[in-house]
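The values are calculated or read from the model by the stated rules, or taken from the named source; none is laboratory data. None of the values given here were measured: they were computed from a predicted structure. All Cβ positions, even for glycine, are placed from backbone atoms using ideal geometry, and neighbour counts span all protein chains on display. When the accessible area is computed, the model is the full protein with side chains, heavy atoms only, and any ligands, DNA or RNA have been set aside. Shrake-Rupley method; radii C 1.70, N 1.55, O 1.52, S 1.80 Å.
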Amino acid sequence: MILLLYPVLTVLILLLQGVQHSHRPMSLLGVLHSAGTLLITILIIARPDEWSSGSPLFMVDHLNLLMMLITGVIFTCASIYAVGYIEGLVMTGDLNRRSLRIFYIGFSLLLFVTTMAFYAPNVAQFWIFAELTTVFSAVLVAILAVKENIDASLKYIFVCSTSMLFSFIGVIFLFELMRQPDGTGSLDWQAILAVASSRDSGMLAIACIFFFIGFAAKSGIVPLHTWLPEAHAKAPSAVSAVLSGVVLNVGMYGILRMTGIVHQTSIASQISLILILFGMLTMSVACFSMLRQKGTKRMIAFSSIENMGFLLLASGVGTPVALFWMLYHIIGHSVVKSGLFFSAGILHRQYKSHTAGGEDHIADLFRMQPFAAAAFIIGSVAIIGTPLFPLFLSKFGILLEAGKLSLYIPLITLLLFALAGAAIFRFLIAIMGETFAAGEAPEQYIVPVWMKAPVVFLMALSVLMGLLMLPGEEAFLTAAVHDIGISGVGL
Amino acid sequence: MNRISGNNIGVITEDSQSGMTLSLRESWLFKEDQTARYYRLPLHDPVPVIRAMKGEGKNLILFFGVEDFEDLPGCSLLYVFEEPGSPGFVVLIPEGRGAIHQSVAGIFPIASLFEREIADGFGVSFTGSFDTRRLFLHEAYPPGFHPLRRSIPNTAPVQDTFDKPGKPYEFRSIEGSAVFQVPVGPVHAGIIEPGHFRFSVIGETIVNLEIRLGFLHRGVEKLAEGRSPDDGVRIAESISGDESAGNACGLSMALEQISGTQISPRAEHLRGVILELERAYSLLSDLAGMVTDIAHPVSASRLMVLRERLQQEADRICGSRFLKGSICPGGISERITRESLDHLFKTAGGIEHELDEIATWVLSIPSVIDRFATTGVVQPELIRSLALSGPVARASGSFADTRIDHPYGIYQERVPGQVCEQGGDVMARFSLKYQEIRASLRYIQELLVFTPDGPAIVPVQMHDGFALVATESPRGMALHWVYIKNGVIHRYKVRTASFCNWYAIERAVIGNIVADFPVINKSLNLSYAGTDL
Amino acid sequence: MITNEVAVSLLRICLILVLISAACLLSTRNLSSLVRTYALQSLILVAIALLIGVLEQKSILIFIAILTLASKVIGIPWFIRIIQQRIRIQQDLHFHYLQPASALMVSILLILLVYLCFLQVLHDLFTRNSLFFLGSVIGVSLMLMGLIAIFSRQLAITKVIGYLSMENGVLLFGLFVTELPFITEFVIMVDLIILVLLTTILTVGMDSSIDAYMNRLKEFHLWSEEEVNA
Amino acid sequence: MSITPVLAGLLNLGVVLLISPFYMTVVKKVKARAQRREGPPLLQGYYTIAKLFRKEVVYSDYASFISRIAPYATLAILLVAALLVPVIWIPEITVAEGNIIVFLYLLAFTRFLLALLGLDAGSTFGGMGSSREMSLSAVIEPTTVVVFAAMAYVAGTLAIPEMFRHATTIIPGMSPTILLLSVSLFILIIVETGRIPVDNPETHLELTMIHEGMLLDTSGRNLALFELSHAVKQTLLMTLLINMLIPFGIVQEVSVLGLALATVLFLLKGTALSIVIGIVESSFAKMRFFRVPNLFMMAFFFSVLTIFSEVML
């Protein structure tokens, strides 16, 4: 029943935001909304007896609670960050004061539809909310109303929405498949999972492939990744963090669920092969692109593509262990990536390029922004999967599993990881070496505490996660893997 | 660069390579009247001053020769400049000695045309120009024949001296294996005036176009010499059929300015009505021509009906469908009646309404838009360097309009509606002309409401003297300069808008296909007769 | 009432008309005729929905037809036309990757491809009626042609129309393959409308300076004046 | 040896020759009415040809024998083509065992002759017209082939009479394939007869003409022959469309009454189609020359679609 509180909360927040005129209350309401979402999620986790009793609008299991936990944490951090960040944007005139309301309402709606997508009990509902996440995040990308942002936003909409239409064809197929024998059927995730093995596997394969097209686009899989670097790089950093840390997960969540269904049938191995191939392709394209990047946020965006490729690979491997580590990787990636975008946002405020479309000129990094520099370096180290950080564990785990399929997969992947690491370090060294010529240096940007706190929290969380398994984490993840539909012995 | 002000004498500043620049000095002022300030340069070489004037943003719009001007011996050259933001013109008269002058075509490209015209007319030559070919004198004229010299009698030329054709005209040649030349005209398949177009094409794409006019050069300027001012106005009327009122008005105003005549408010108002009526029907036939040339005769015929109705109004007003005889020095024709004006008032409203309907319809036909859009773009950069004016300039983003920039007559009291289009393609010109017609019809109705009673015409007491007048004809800025000496016209110089605008086509067609030339040509709709003076 | 036989042959003609409209969408350079073509295409879909409704005796299809009529034949084209007047673009003359002629060629190939694929995999799904098989082939083909339009057109507003045409393809496919719950159709329509609103408003921003964009947004009442001082 | 095929052939030729100028005038008349003009009298086509026949022929100094024989050859070839297309009567045995491919070749041959003629007089505009005509025909030829192939596929035969016979068995307007085919055929008529939006038959702007450009140096009787050939070509193509789409009334069993009725019906149907052509011509502006292939592409697309829908439905 707690879940039913959630739409009420959202409507309340939206109404309040709608009547506000100044920035502070609007942004605090945003924080309240995200924190409320997180709180509700935690409450539900704490009370498993609530899970099944709900309205038909919601489905609760370990998998989507896990996703919601990530969503709640990242959104809370992002909305706290936004308090300082957006204020800065308004001060410097980058963001028109009149757009503020659209921004915060868009932000709240994005959180709402993401939540609804994760809790959606059936495929059609999931599709619709996933589609809406595109719409609202596109609003947030375009909010700066600069031509490049609008461009990026339109590209985002066109690539994702057209791909999502293919997914819808998949949904139609699935529906037809489900109701085939007797004319009645439902698209509920669990119902599909239950009967999938008794259905025509050829049609299921077609349905799956169509379905994957859309969600691959949503999670930035090559060749539908083109929108991602643009949108992530141009959006305000608070939004980039959410896009990378949460919205990409929506796509991955869809793929995961579908993989679970496929694994009930005989076509699992073919689909797995496709997933692995596209995963590898995505990683290679991303890694090679990273070598050429000059902008901070574009670099991080390509790193997101790389990680998504890796996740796809993991879902292709498809063993319980691989999926366990895949979920772990999703958590780790969201936490670290958001932290990175937050610190990149600070750097952007400091070194904002004043020519339209130009790259930021980063120099005198440690003198001007020691905090952001440190956070950025820690984040970079974490994202390439250095030991002590969570991504190391998951990469290690997944590659071990993949090695059981074919030794080439870990080999090539490791090579690509090395490439990505090299790209990031090259970039770091390049920006650290720069110094400003006398008189050229911009005024130092004083980072508000609102913006520092989330970064500190996320970095600490990632270190903590890397060092020790949190209590209950392992059991929860294993249960989530079980919810996907792939049962196994666990670790 | 140093600016020199007032009567200061330390005038010379330097320009790195191309010689000196020299600012205009007030002490050189020779005459100032309502429309222009005349400066006499105590220098033979006007180039440094003209370069300085370009630096100040002034633009050369006319440049012509006069023999025996005031006390100056031989052929004097008058350079007319337009000054941005100022209603008056600036005229430079360098000390004329000898028959060789420095060319200013390197500074103002359009000057090349004027120089060739002067060279043909007076036998004056210019050094340092990029183009010294003949302009209006064709091969049949013998070397040494310069009709505007006063020594040549104002009679028909004796035919047998012109038997042997001279050196053929050299067209610019574009070399290349795929380039071939398509000569078109001077005699065309349709019933139009003569003009020769030399296309260099690669396949269907035009890479170069050269226009040669002057096949029916009538010697209008020479014809006016020695005539009485009233006869002069009749000659001005016949310069170009659909601009007859505009040209008559221009010359009449010049004569009125010389004689110091103030015409009645009624005449001022009705002149405005006549000029706008002429603009409306001339532009209507442009619109009709444009849709004809893309083979959409259905709309063309509807537009032609409107044009015909306006011309019938003209006929009802002054007995001429082309408004001839409606404007004379001192006012307007006395036969204009109240009833005909009332009738015009009613018709104008109806036509405006119908035109809206037709234009909305035409501009929503996809195949029409397809042909119009992006065809024949006149780049805005050309406007200044080629001294473009009228709808051609206004469709390329310029606001140039003589009625507003150099207001005259009724336009000093009532500002006409101003329109401007971006884009510079046929589409822009079509919609611009449509809006101008609307504005004209509105303006006519407004004027007719406010027309006071009074005398139509006042007598003109002619003195000797000279005056420059600019009017906005349907095609753009027309300049009239007349010099009365001993009670008759000593020299009459006209520059119609077409004279300069013709050269916009040469640029506009490049990169278009040959089959699009007719519609581009029609959209600019330039007068052959207005150029073959 | 229409007999089954007539309904079937009318359906066939409608299906062909759908493809013709898609071909027009690919090759038209004029925005207003693009919008008109889209409206017509949606109207054909309405007719198809009604005809299937008659054939299969299902009232839900009538509701879908009404919904489509209201949103896609009237609402969305009207809105796009307004936007189009605001941005004063009448032409989309530039194509990348594919000129209209080659786009038509590619779509011929795509139709063939879809036909062959479906013939291979899905034939047993349509044992009841070959017409429904054809309908689903044309639905997916329409979608792919919309995709071609999206990626060969340059202006965002024509891309929007391409997207809408794709969506029509999905609807057509849905009509012939299965019957989705009405609520799903409805929500998709809402999603579509939001998307169209958003993209077209963003399109307004594409060709104007920021100030002009802000002013135009004001025209849409997305912003109000009093917030300036807040 | 039966008399029927000869009779059918003669009847065919007679009807086509007699009716063709009328249709041309109808189109002109409709266009004139659309322009709010009175337009020529309905028999103007015949008057013009009669007038031109009386006029002297002037040849260019550069003209070779081509200019002398082309007018006759063109008309002759088109009359042969006319033998292949039954207008009002589908006889059991046809005079020429011709099929649609031969028909296509004959049309292409007249095109070729015309282009030669344009070049022959040595004037710039003739050459330009020929060059344009040839580039157009290079792009239209594949389309024409596919349109005719679609026709052949739908009817299941290459012989034109058999196609018409097949068409009579279909309820008009209810078959999507026939409808599609008609669209393609209509585009083909527009293009082959040089009408707006492809060419403007009324223009004499030297820079834009295609068909008129090639005929610029032709005069007198030769011009009359070309006018007639042009009209015959249009009628033949119109016949294809009419007898495929609305074959209603065409005679299969000989009877005088039936033939008379068929002639009247054909006259009416042809007039109606001419009016449609006139209206279409009035409502478009001419296409930009390089955009014309798009129009062909549409016809191509429709014809391919015809074959598809025939396969799939």
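Before moving on, here are some points about what is shown:
- The listed residues are D:254, D:276, D:280, and the only one of them that is modelled with pLDDT of 80 or more, open to solvent by 10 Å² or more (accessible area, probe 1.4 Å) and more than 14 Å from chain B (Cβ to nearest Cβ) turns out to be D:276.
- Of all residues in the range C:41-87 being under 14 Å from residue C:161 (Cβ atoms) and open to solvent by 60 Å² or more (accessible area, probe 1.4 Å), the one that is modelled with the lowest pLDDT: C:81
- Considered as a group, the residues in the range D:146-184 that are closer than 21 Å to residue D:90 by Cα and of a type in the set (S, T, N, Q) include one that is farthest from the other protein chains (Cβ to nearest Cβ), and that residue is D:157.
This table checks each residue for (1) within 14 Å of another protein chain (Cβ to nearest Cβ); (2) among the aromatic types (Phe, Trp, Tyr); (3) in contact with a strand residue (DSSP E or B) (Cβ under 9 Å, 6 or more places away or on another chain).
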{"residue": "B:318", "(1), (2), (3)": "no, no, yes"}
{"residue": "B:322", "(1), (2), (3)": "no, yes, no"}
{"residue": "B:333", "(1), (2), (3)": "no, no, yes"}
{"residue": "B:341", "(1), (2), (3)": "no, no, no"}
{"residue": "B:376", "(1), (2), (3)": "yes, no, no"}
{"residue": "B:406", "(1), (2), (3)": "no, no, yes"}
{"residue": "B:411", "(1), (2), (3)": "no, yes, yes"}
{"residue": "B:421", "(1), (2), (3)": "yes, no, no"}
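- Filter result for the condition that a residue is closer than 27 Å to residue A:404 by Cβ and either free of Cβ contacts under 8 Å to residues at least 12 places away in the same chain or among the aromatic types (Phe, Trp, Tyr) (or both), over A:269, A:315, A:284: A:269
- Failed criterion for residue D:22 (all others in (1) open to solvent by 80 Å² or more (accessible area, probe 1.4 Å); (2) more than 18 Å from residue D:110 (Cα to Cα) hold): (1)
- Counted residues, the range B:316-342 - those being of a type in the set (Asp, Glu) and under 14 Å from residue B:273 (Cα atoms): 1
- When residues of the range C:9-45 are limited to those that are assigned to a helix (DSSP H, G or I) and of a type in the set (Lys, Arg), the one nearest to the other protein chains (Cβ to nearest Cβ): C:12
- Residue list for the range B:290-315, filter: closer than 27 Å to residue B:346 by Cβ and either of a type in the set (Lys, Arg) or in contact (Cβ under 8 Å) with a residue 60 or more places away in the chain (or both): B:291, B:299, B:302, B:307, B:309
- Hits in the range C:139-163 (condition: over 11 Å from the mean Cα position of the chain (by Cα), within 9 Å of another protein chain (Cβ to nearest Cβ), aliphatic (A, V, I, L, M) and under 24 Å from residue C:117 (Cα atoms)): C:140, C:150
- Only residues that are open to solvent by 10 Å² or more (accessible area, probe 1.4 Å), touching an Asp or Glu at 6+ places or on another chain (Cβ under 6 Å) and among the aliphatic types (A, V, I, L, M) were counted across the range B:297-351, and they come to 0.
- Count of the range A:121-135 residues which are more than 9 Å from every other protein chain (Cβ to nearest Cβ), under 20 Å from the mean Cα position of the chain (by Cα) and open to solvent by 10 Å² or more (accessible area, probe 1.4 Å): 1
- Scanning the range D:20-50 for residues that are within 13 Å of chain B (Cβ to nearest Cβ) and part of a loop (DSSP other than H, G, I, E, B) yields D:35, D:36, D:37, D:38, D:39.
- Members of the range B:208-225 found to be touching a strand residue (DSSP E or B) at 6+ places or on another chain (Cβ under 9 Å) and either without any contact (Cβ under 8 Å) to a residue 60 or more places away in the chain or surrounded by fewer than 16 Cβ atoms within 10 Å (Cβ to Cβ) (or both), listed by number: B:212
- The range A:261-284, subset in contact with a Ser or Thr (Cβ under 9 Å, 6 or more places away or on another chain) and small (Gly, Ala, Ser), residue most open to solvent (accessible area, probe 1.4 Å): A:266
- Of all residues in the range B:62-103, those that are crowded, with 21+ Cβ neighbours inside 10 Å and out of contact with any Gly (no Cβ under 9 Å at 6 or more places or on another chain) total 13.
- Taken over the range B:389-404, the criterion of being in a loop (DSSP other than H, G, I, E, B) and in contact with a strand residue (DSSP E or B) (Cβ under 9 Å, 6 or more places away or on another chain) is satisfied by B:389, B:390, B:400, B:401.
- Candidate set: the range D:193-216, residues that are under 15 Å from the mean Cα position of the chain (by Cα) and surrounded by fewer than 21 Cβ atoms within 10 Å (Cβ to Cβ); chosen: the one farthest from the other protein chains (Cβ to nearest Cβ): D:194
- Some residue of the range B:361-373 being in contact with a strand residue (DSSP E or B) (Cβ under 8 Å, 6 or more places away or on another chain), more than 29 Å from residue B:271 (Cα to Cα) and not in a helix (DSSP H, G or I): yes
- Count of the range B:138-158 residues which are modelled with pLDDT of 85 or more and either surrounded by 20 or more Cβ atoms within 10 Å (Cβ to Cβ) or within 16 Å of residue B:533 (Cβ to Cβ) (or both): 3
- Residue among C:48, C:76 that is more than 14 Å from chain B (Cβ to nearest Cβ), in contact with a Cys (Cβ under 6 Å, 6 or more places away or on another chain) and outside any loop (DSSP other than H, G, I, E, B): C:48
- Of all residues in the range D:295-313, exactly one satisfies the criterion of being within 14 Å of chain B (Cβ to nearest Cβ) and either buried (at least 21 other Cβ atoms within 10 Å of the Cβ) or of a type in the set (Gly, Ala, Ser) (or both), namely D:298.
- Helices (runs of 4 or more DSSP H) (entirely within the range A:379-491) containing at least 3 residues that are under 30 Å from residue A:368 (Cα atoms): A:408-433, A:449-467
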